[in-house]
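The values are calculated or read from the model by the stated rules, or taken from the named source; none is laboratory data. Source: prediction; values computed, not measured. FYI the Cβ positions are ideal-geometry reconstructions off the backbone, even for glycines, and counts take in every protein chain you see. What goes into the accessible areas is simple: the full protein's heavy atoms, side chains included, and nothing from ligands, DNA or RNA. Shrake-Rupley method; radii C 1.70, N 1.55, O 1.52, S 1.80 Å.
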Amino acid sequence: MMSDHAALAETPDGSSDDRGEIVSAADADVLSQLLALVRLRGREVYSLALEHPWQREIAPGSCHFHLIEKGAAVLHVGGEAPLTLGPGDLILLPHGRGHRLSSGEEREPTHLVDSDVARPIGKMPDAVETVSSTTRLVGGVFDLDTPVRELILSALPVVLRLSYVGPSKPPWLAGLTHFLLAEAEHPLPGSSLMISRMIDLVVIRVLRSWAAAQPSASGWLGGMAHPRIGRAMYAIHQDPARTWSVGDLAARAAMSRSMFAERFTQVVGEAPLRYVTRWRMALAADLLRRGHSVGEASRLCGYGSEAGFSRAFKAHCGQPPGTLHPRFDRSHTE
């Protein structure tokens, strides 16, 4: 089982990979396919300078990232052991769990910050910046949407941690945080959309960097880390309506049928055709929520009959497909 806290030491240019492998184009495509369906929505970004002792409580709900630019912080998530963070630590909390950041002192904190931003975005006053015991951090809030959210989160720990070593942040992170804060501090027409898109980029870049360094992951993360299995997963995502066989997928992976079936199950955590069904059901749920009819979802996900699709959907999702349609009247079921 993957631990709830996982860390990666990355070089300043963001290119390190402790497996010593180059991430293939198929790997990147699997991640892109999943994230395209998730529809990340960046909501806000903020910069805080907090004089010790301080703490910040964040309620469950949205997802967050935090970058420690100066000083230190202690992260508390549920019943997990506290995680001490220092300059250059970037953490991502994709499950939307409530958590607390603090300076770690036992004394009563002088700065209490709730889930709303307590200070204006941008550069803090000089009087605060010169305090030696100040922690300075940049944070962002985002949401993950659609049914494949659970498929993605099943392979991710509660906290993803990137520790950037060296004298400065990597260029991509330094550039993104600079433009994020500039747009937030001096909003112009279109700033909200730009901030949302840049938060999306931060999250995707963190996921890609973290995933590249996991030597023994499972689920889609394990498949993405395996070039041949990744090619098969890419094919499934590209053409979910096709009547896939294990032999077809093995050919995409350039492996024998028996070796592919065994390796896919070992790496991804479920049999190939089971993964095909799960991907189809995730797509179908997304189509239904966006207003497509049950018949359309059935056809686009490769089912020859609407009745067969409805049976498979209910068996997999625990409810008939029509209940996900936005026009479904739930009062008839109460």
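Fully extending the segment from Gln238 to Ser305, taken as 0.36 nm per residue of separation minus the present Cα-Cα distance, adds 22.0 nm. Remark: spin-label model distance His186-Glu150 equals 4.7 nm, labels positioned 7 Å along the Cα→Cβ axis.
Spin-label model, Glu80 to Arg289: label points 7 Å out along the Cα-to-beta-carbon direction sit 2.4 nm apart.
Descending by average beta-carbon neighbour count within 10 Å, the peptides 251-258, 206-213, 179-186 line up as 206-213, 179-186, 251-258, the highest first. One decimal place: the segment His316-Glu296 gains 5.4 nm when fully extended, by the rule 0.36 nm per residue minus the C-alpha distance.
3J(HN,Hα) along the range 300-311: 5, 9, x, 9, x, 9, 5, 5, x, 5, 4, 5 Hz, from the Karplus curve 6.51 cos²θ - 1.76 cosθ + 1.60 with θ = phi - 60°, whole Hz, x for Gly and Pro. For the range 176-273, the average shadow cast by the Cα convex hull is 8.2 nm², which is a quarter of the hull's surface.
Tyr303 sits with roughly 50 Å² accessible to a 1.4 Å probe, with DNA, RNA and ligands left out of the calculation. Using heavy atoms of the protein chains and a probe of 1.4 Å, the accessible area assigned to Asp239 is about 60 Å². Mean projection of the Cα convex hull over all viewing directions, computed for the range 198-334: 10.2 nm².
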